[in-house]
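One structure is given below, encoded as structure tokens.
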Amino acid sequence: MSTTTTELAQPVSATLKLRPAEEMDKKKDEVEPYRYAHLLPHFSQDHYPPLTPFEHVDPGQRALSHSNPRSFLENATLVELTPNLGSEVHGVNLAELSNDARDQLALEVARRGVVVFRDQQDFIDRGPEFYKAWGSHFGRLHIHPTSGHPEGYPEVHLVYRDANSTFNFEYDDSITTTFWHSDVSYELQPPGLTTFFLLAQPTTGGDTLFTSQVSTLKKLSPQFVAFLRTLKALHSGVEQADFSRTGRRGGIVRREPVENVHPVVRRHPVTGEEALYVNRQFTRRIVGLKREESESILKFLFDHIDKSADNQARVKWQPNTVVLWDNRITAHSAVVDYKNSGERRHGARITPQAEKPIGPEELDLSS
């Protein structure tokens, strides 16, 4: 357990004598033990071999054959965050969903991009063994090469910042903390449906931004989209690994970084929707183009993603909120606007991998 995350009580002078009333006030002010201390970041020295390919069967595909693929929402209250991206759900206990309902959930997230579930303390308090079983329903669990995890549970990726420390992938020499990305897109088989929740959060701030990569693509002219469909881009994990090798974020690299080439436009295997698949954090260059050509196109696409507020949704965290999103058709960014408060933000992510990204001409939906 990392000692840097421990919060120490302020020292009290040994010569100070407190009257009974003052002693009572002091007890009230004492900090209670942190409820989720067992889930604080741990940085094991374990090393893992390269990931191997596997066959991914998307659970959302199974839901298409259900008589009512949205039956798990029958008694829920839904509010759309925006017309094209995101829904907020009340009245569903994720921890009690059957396997069929989890399949339907995967389909709903694929269609809406992001789904926010409130009042999920039951889910959060079931602990890391439950998190692993939950995530395994949706795909092979990814072990992050550089992040902290609860001791003994490398499959649970943690984000963490408090007044004294941060174990996140953050740069201080930028005018903004907005850094759009699709999680670990450098993997041969990047994540699909992802589950994330906060165990502790600042009083205000620390929101998460999402953007629809389906909508960002649709905003572009048909001629330009046709050109993008012919392109592939290199996604790299090298910079993230080098960041940790400097001693930041825990200083651990458990698996050597990889680079993989993915289509610039990918298709979702269940919905068939096309989505832009580049992101500022991990996409490095477009294969086959001269350097200046690649840089010009990527800068245009990154700026388009950054500035298109009409494609975006903002999730404001409340206690016991669980958010699920589909990394194949969305990008997201944390908002680190709470630094000066010194408050803790402690999140856990369960990250199942999905299929190797499918290019525009590679998916047969006729069957």
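The values are calculated or read from the model by the stated rules, or taken from the named source; none is laboratory data. All figures in this text were calculated on a predicted structure; none of them were measured in a lab. Cβ: placed from backbone, ideal geometry, glycine included. Neighbour counts: every protein chain shown.
For the stretch 102-135, give me each residue that is aliphatic (A, V, I, L, M) and surrounded by fewer than 19 Cβ atoms within 10 Å (Cβ to Cβ).
So the first thing to find is which residues in the stretch 102-135 are aliphatic (A, V, I, L, M), and the list is 105-107, 109-110, 114-116, 124, 133.
If the condition is that a residue be aliphatic (A, V, I, L, M) and surrounded by fewer than 19 Cβ atoms within 10 Å (Cβ to Cβ), then ALA133 is the only one that fits.
Rundown of residues vs (1) surrounded by 10 or more Cβ atoms within 10 Å (Cβ to Cβ); (2) assigned to a loop (DSSP other than H, G, I, E, B); (3) at pLDDT 95 or above, yes/no style:
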| residue | (1), (2), (3) |
| --- | --- |
| PRO33 | no, yes, no |
| HIS38 | yes, no, yes |
| ASP46 | yes, yes, no |
| LEU51 | yes, yes, yes |
| GLU55 | no, yes, yes |
| GLY60 | yes, no, yes |
| PRO69 | yes, yes, yes |
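The strands (runs of 3 or more DSSP E) found wholly in the stretch 303-346 include none carrying at least 1 residues that are in contact with a Gly (Cβ under 6 Å, 6 or more places away or on another chain), free of Cβ contacts under 8 Å to residues at least 40 places away in the same chain and surrounded by fewer than 17 Cβ atoms within 10 Å (Cβ to Cβ). When the stretch 233-287 is filtered for residues that are touching a helix residue (DSSP H, G or I) at 6+ places or on another chain (Cβ under 8 Å), assigned to a strand (DSSP E or B) and closer than 30 Å to ARG111 by Cβ, the ones remaining, listed by number, are ALA233, VAL265, GLU274, ALA275, LEU276, THR283, ILE286.
Total residues in the stretch 130-168 satisfying the condition of being touching a Ser or Thr at 6+ places or on another chain (Cβ under 9 Å), of a type in the set (Ser, Thr, Tyr) and at pLDDT below 95: the figure is 4. Being buried (at least 21 other Cβ atoms within 10 Å of the Cβ), farther than 23 Å from HIS157 by Cβ and either under 20 Å from the mean Cα position of the chain (by Cα) or not small (Gly, Ala, Ser) (or both) is the filter here, so list the residues in the stretch 221-236 that pass it. Once the filter is applied, which keeps residues that are buried (at least 21 other Cβ atoms within 10 Å of the Cβ), farther than 23 Å from HIS157 by Cβ and either under 20 Å from the mean Cα position of the chain (by Cα) or not small (Gly, Ala, Ser) (or both), the stretch 221-236 yields only LEU228.
Does ASP122 meet the test of being within 19 Å of ARG35 (Cβ to Cβ), of a type outside the set (Val, Ile, Thr) and at pLDDT below 95?
Values: within 19 Å of ARG35 (Cβ to Cβ): yes; of a type outside the set (Val, Ile, Thr): yes; at pLDDT below 95: no.
Judged against the criteria, ASP122 is not a match.
Cβ-Cβ contacts under 6 Å between residues 6 or more apart (or on different chains), taken from a first residue in the stretch 237-260 that is under 18 Å from VAL159 (Cα atoms) to a second residue that is modelled with pLDDT of 85 or more and part of a helix (DSSP H, G or I), are listed as VAL253/ALA241.
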